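Read the structure below first, then the notes.
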Protein chains: 2
Amino acid sequence: MLSEQVYAHLQGAIMRGDYAPGDALKPQDLAREQGVSLAVTREALVRLVGEGLADRLPNRGFAVPSFSDRRWQEIAEARRTIEPVVLRMSIERGDVDWEARVRAAHHRLVRTPAFVPKEGEHYTDAWAEAHRVFHRTLLEGCGNHALLETFDRLWTASELARRWAAHRNPDRDGVKEHRRLEEAALDRDADTAAAVLVQHLTLTAAALIDDSRQPAQQG
Amino acid sequence: MLSEQVYAHLQGAIMRGDYAPGDALKPQDLAREQGVSLAVTREALVRLVGEGLADRLPNRGFAVPSFSDRRWQEIAEARRTIEPVVLRMSIERGDVDWEARVRAAHHRLVRTPAFVPKEGEHYTDAWAEAHRVFHRTLLEGCGNHALLETFDRLWTASELARRWAAHRNPDRDGVKEHRRLEEAALDRDADTAAAVLVQHLTLTAAALIDDSRQPAQQG
DNA sequence: GTAACACAGATAATCGATTATTGGCCGGAT
DNA sequence: ATCCGGCCAATAATCGATTATCTGTGTTAC
């Protein structure tokens, strides 16, 4: 299934930031680059649109979603609204296997370097994936596929937005936040875990507000 | 944009139950029936898959999602988990325009006949739509597109499942439930509204459990 | 000088035909 | 009689070419 490969390639490219928001995704060019036909490329693009990773402008083709501060804030709020509730369910229901996977995911997250020296300011692909897996594993104890799918969609949107938010981290200790999250979850302390998660998500959202509303005001 | 029409047609047909769960959706046949090419049909099918209204079996084509009791229960639980929280936000934030739209949606719901005499046991399209609009309007006060999109996806999945759940309504007064929901929302009584909504969703889910686990055990 | 129109190039959307893969069917061997 | 393996029809997936639509530019009329 060629469209699968093209889809994966485009998803990676968009999430990695190879294209800027608003850039046109021309089926012709993409088809030539990938060495496939138009139909295949179109199929992949339609899928991307379904996942929210591309916009479709009728009779004007496809494009990378344009960054919108408002939309980003709504996604962040949606996560703050939904994830704590699911986390509570997860903590209540998770079994030993879940506990083990949380530990494993946290370990992997801690041991994966977030930045590579030369690469510059952006997270490594490996860390981004470990980060996603940790957050998802925390919720997987709920055992509800529909809820986890909701998480997946919001996470994707959230990551895409963050990629384009030039975040100057206000003294933030992500490592510590994650550790507190892991501890509270494994202690079955739902209240604490939910509170820490909300704070974690709030801080992430706040980092963007600052940058977009006070660009380079360092006085 | 032809694929749009084909998409709309298929969505309606699937939701209406013109195809049974598991039925193959053959691009060839569909293309012939609709008088369009394969590419167009495929594009529509890929969209359907994205919306959860079709399954894709690699190298084996597309099919109507097979009904799964487990999946349905998970969707119902997801709704019970998310919608009350969003309803609270909506009640807290909704403005006068929202109030007016809630009243209008409820009025329309009440005045739309749920069944047509001859048609048999299934809801009319008009009532199903009015029902959806009422529930969605209740949540729209939250003003968060990401959350409403989540609602839309869960609603679609929920409706599709319900279409195939031969629900024998246990003495249920849907009209009354909706009225209590409207009243609590407009009274800004978030606690009551959330509680009524959870009960509403629980009863809907329960109707299916009964039928699938005790098929025709009447005495 | 401005504004409306028409042309041209680019590209989105669609089509009909070709290739590749699947699952069932038949025959032969054990 | 049953099981294994190779044909065959059906159809999924892909392709290259065609048609329709949009955007920008240049021209002409006022």
Rg and Dmax of the protein assembly as shown, Cα atoms only, in Å: 23.3, 80
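Which trypsin sites (Lys or Arg not before Pro) does the stretch B:18-91 hold that lie in a coil by DSSP with at most 10 other beta carbons within 10 Å? The partial results should precede the final answer.
Working: sites: B:32, B:42, B:47, B:56, B:60, B:70, B:71, B:79, B:80, B:88; in loops: B:60.
Sites meeting the loop and neighbour criteria: B:60.
Which semi-axes, in whole Å and largest first, does the equivalent ellipsoid of the stretch B:2-63 have when worked out from the alpha carbon gyration tensor as the square roots of 5 times its eigenvalues? Each step should come with its number before you reach the end.
Numbers: eigenvalues 47, 36, 25 Å².
After scaling each eigenvalue by five and taking roots: 15, 13, 11 Å.
Please report the projected area of chain A's Cα convex hull averaged over all directions, in nm².
14.0
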Whole-Hz couplings from phi, Karplus 6.51/-1.76/1.60, listed for the stretch A:24-36; x for Gly and Pro: 6, 9, 7, x, 3, 4, 4, 4, 5, 4, 7, x, 10
Rounded Å value of the spacing that divides the Cα centres of the stretch A:1-41 and the stretch A:72-90: 31
Obtain the nm distance between the two label points defined at residue A:24 and residue A:99 by a simple spin-label model: each point lies 7 Å from its Cα along the Cα-to-C-beta direction. 5.8
Label model pair residue A:202, residue B:187: point-to-point distance (7 angstrom along the Cα→beta-carbon line) in nm is 3.1
Below 8 Å between Cα atoms, with a sequence gap of 6+, how large is the relative contact order for chain B in percent? 23
Work out from phi, with θ = phi - 60° and the Karplus expression 6.51 cos²θ - 1.76 cosθ + 1.60, the ³J(HN,Hα) of each residue of the stretch A:138-152, listed in order in whole Hz, and give x for Gly and Pro. 4, 8, 5, x, 5, x, 10, 4, 5, 5, 5, 5, 4, 4, 4
What list of ³J(HN,Hα) values in whole Hz, one per residue of the stretch A:182-196 in order, does the Karplus curve 6.51 cos²θ - 1.76 cosθ + 1.60 (θ = phi - 60°) give from phi, with Gly and Pro shown as x? 4, 4, 4, 5, 6, 7, 6, 9, 4, 4, 4, 4, 4, 5, 5
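Taking the stretch B:59-164 on its own, what percent of its Cα-Cα pair distances exceed 21 Å?
46
FRET efficiency for residue B:164 and residue B:195, Cβ-Cβ distance as r, R0 = 30 Å, nearest 0.05?
After rounding, the FRET efficiency stands at 0.55.
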For residue A:136 and residue A:111 in one chain, what is 0.36 nm times their gap in residues minus the Cα-Cα distance, to one decimal in nm? 7.2 nm
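Taken together, the values in this text are just the output of simple stated rules run on the coordinates, not laboratory data. Remember, it's a predicted structure, so these values are computed and weren't measured experimentally. Cβ sites come from the backbone with ideal geometry, for glycine too, and all protein chains shown count toward neighbours.
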